[in-house]
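Worksheet: the structure to be examined is printed underneath.
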Amino acid sequence: MAKILDQPRYKCALAAMQTVQSIPGAIPVLHSGPGCAAKLNDNNGTSGKFSPNIFPCTSISEKEVVFGGTEKLRTTIHNALRVIDADLFVVLSGCTSEIIGDDIQEVTEEFEDAEKPVVWAKTPGFKGNNYVGHDWILKSIFQQYLRGRQPKTQKGLVNIFVSPPQQDPYWLGNLREIESLIEAIGLTPNTIFGFGRGLKNIDKIPDAQFTILVSPWAGTESAEFLEKQFNIPLLKYPVLPIGATETTKFLCKVQEFTGADKDLTEKVIKEKEAEFYYYIERFADTLLETRILGKRFTVVSDSQYTMAVTKFLVNDMGLFPEKVFITDDAPETYRQQIKNEISTLNYGIQAETEFSTDGNDIQNQIRKLDFAGTPLIIGSNWEKKLSQELGAHFINVSYPMLEKLVINSHIAGYSGGLHLLEQIFTAAMSKLKL
């Protein structure tokens, strides 16, 4: 029986067009209905070269449903190559074109000798959400654009992938912070998303000595493809490091995996931790004041943030988790690993974890939790009304984020933990009665 999805936290696989848009110089070519493009294009911008409203689309109509849309796709790709100054064209299929059986691979391969590279990825919404769509697109780019490349391994060069661009409001700031940390211990980061990156960085991917994927599960298929295709050792680190405890673990793991300079890594960790705790000590009186912030919290977010925020608030701040919720429809094969990781907390503290896409049910469960004081709820814009109802402190860290603008902020790393604390205590202190 079909299940109603109340309060959606993600979109269909075709929405991973945002992954393409986040690569400077790349542009998606959609083989879908016009309604798909209009509904999915609600992001806050692209990599900067193109407006988010500029992308070719076949706008499939009843005519194409009856007679097929391959000719219209062929014409759309041809005209896009003529009038759009892009470095890479990525053809994406929607539900309608997949259902009627249009072969986007066959049409796209007709343009393999075009002046600019054209690749394809099947991204129908009925096969998954934009977390898996992100993975399909990256694998298609690696498999088709990098086909036949002979690696010329560069010592210390590291491919880095974190969360799906734009689905995570902090995606770019977090990515840059991870880059900075990797660079600080003597390695050379290689990323493909955001300002200053692009096709030239994709070209360097086969030459990397290592690949690091910071993600509980999203992006695994494409990262494993690089490992298999180009023999690039892969470090899958499941936790987005937030704050001192997890960031130090992350850097130690990276050093051990890559053989980076151990003395330099220890020096960086010592300096970063000292700075982190300097700020914690400065504001200790505020941070420890239970009149401002209680000791119990819940998180309602995707695998990445539910795991990362829970670990940070327990391991660094000594808070206690009530039940936490994961909303990204993580594949069954990863769920036990995610649960185990969330339960690996200091002091033997446990966090009950539930995977659910039903926002109404999640909120009903939160209403029944015993926070023994003012609750702290960390999640998406869907949790705002519930927080007001419960008189809770509310922090929006994940999609949908409708009332906060994130330009290049981050909550990853040592400094990111401090940024998150600023948000939490700002929300809590705003409720104080003077």
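Per-residue answers, yes or no, for (1) of a type in the set (A, V, I, L, M, F, W, C); (2) touching a Pro at 6+ places or on another chain (Cβ under 7 Å); (3) not in a helix (DSSP H, G or I):
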residue	(1), (2), (3)
R74	no, no, no
L81	yes, no, no
V90	yes, yes, yes
T96	no, no, no
D102	no, no, yes
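N159: in a helix (DSSP H, G or I) and more than 13 Å from the chain's Cα centre (by Cα), yes or no?
Numbers: in a helix (DSSP H, G or I): no; more than 13 Å from the chain's Cα centre (by Cα): yes.
Criteria not met by N159.
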TODO: Among the residues of the stretch 185-207, write down those that are in contact with a Pro (Cβ under 8 Å, 6 or more places away or on another chain) and crowded, with 23+ Cβ neighbours inside 10 Å.
DONE: F193
Open item on the list: Looking at V268 and the list (1) outside the structural domain of L390 (by TED's automatic domain parsing); (2) exposed (fewer than 15 other Cβ atoms within 10 Å of the Cβ), which single condition is not satisfied?
Closed with: (2)
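Could you tell me whether any residue of the stretch 414-423 is at pLDDT below 95 and within 25 Å of the chain's Cα centre (by Cα)?
Taking the stretch 414-423 first, the residues at pLDDT below 95 are none.
Within the stretch 414-423, none of the residues are at pLDDT below 95 and within 25 Å of the chain's Cα centre (by Cα).
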Open item on the list: Under 7 Å between Cβ atoms, which residue pairs at least 6 apart in sequence (or on different chains) link something in the stretch 185-211 that is within 18 Å of A223 (Cβ to Cβ) with a partner that is among the acidic types (D, E)?
Closed with: P189/E179; P189/E183; T191/E179; T211/E227
Open item on the list: For the stretch 391-406, check the following and say yes or no: at least one residue is modelled with pLDDT under 95, among the aliphatic types (A, V, I, L, M) and in contact with a strand residue (DSSP E or B) (Cβ under 9 Å, 6 or more places away or on another chain).
Closed with: yes
- [ ] Look through the stretch 394-414, keep the residues that are crowded, with 20+ Cβ neighbours inside 10 Å and polar (S, T, N, Q), and return whichever of them is nearest to E177 (Cα to Cα).
- [x] S398
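Go through the residues of the stretch 370-380 one by one and say whether even a single one is assigned to a helix (DSSP H, G or I) and among the small types (G, A, S). So that I can check it myself, show each step before the final result.
Going through the stretch 370-380, the residues assigned to a helix (DSSP H, G or I) turn out to be none.
Scanning the stretch 370-380, I find no residue that is assigned to a helix (DSSP H, G or I) and among the small types (G, A, S), so the answer is no.
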Open item on the list: The conditions are (1) at pLDDT below 95; (2) under 20 Å from Y131 (Cβ atoms); (3) among the polar types (S, T, N, Q), and T344 fails exactly one of them. Which is it?
Closed with: (2)
- [ ] Inspect the stretch 395-411 for any residue being among the small types (G, A, S), outside any loop (DSSP other than H, G, I, E, B) and either free of Cβ contacts under 8 Å to residues at least 24 places away in the same chain or not assigned by TED's automatic domain parsing to the domain that holds N130 (or both) and give the result as yes or no.
- [x] no
TODO: Output the residue which, of all residues in the stretch 293-318 that are farther than 17 Å from L390 by Cβ and either outside the structural domain of Q350 (by TED's automatic domain parsing) or aliphatic (A, V, I, L, M) (or both), is farthest from the chain's Cα centre (by Cα).
DONE: M317
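Could you check the stretch 197-273 for helices (runs of 4 or more DSSP H) lying wholly inside it with 2 or more residues that are within 23 Å of Y414 (Cα to Cα)?
Working: elements: 199-204, 220-230, 243-258.
Qualifying helices (runs of 4 or more DSSP H): 243-258.
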Task: Positions within the stretch 371-393 being surrounded by 18 or more Cβ atoms within 10 Å (Cβ to Cβ), more than 16 Å from D361 (Cβ to Cβ) and of a type in the set (D, E, K, R), in sequence order - done: none
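The values are calculated or read from the model by the stated rules, or taken from the named source; none is laboratory data. Since we're looking at a predicted model, the values are computed, not measured. Positions of Cβ are generated from backbone atoms using ideal geometry, with glycine treated the same way; all protein chains shown enter the neighbour counts.
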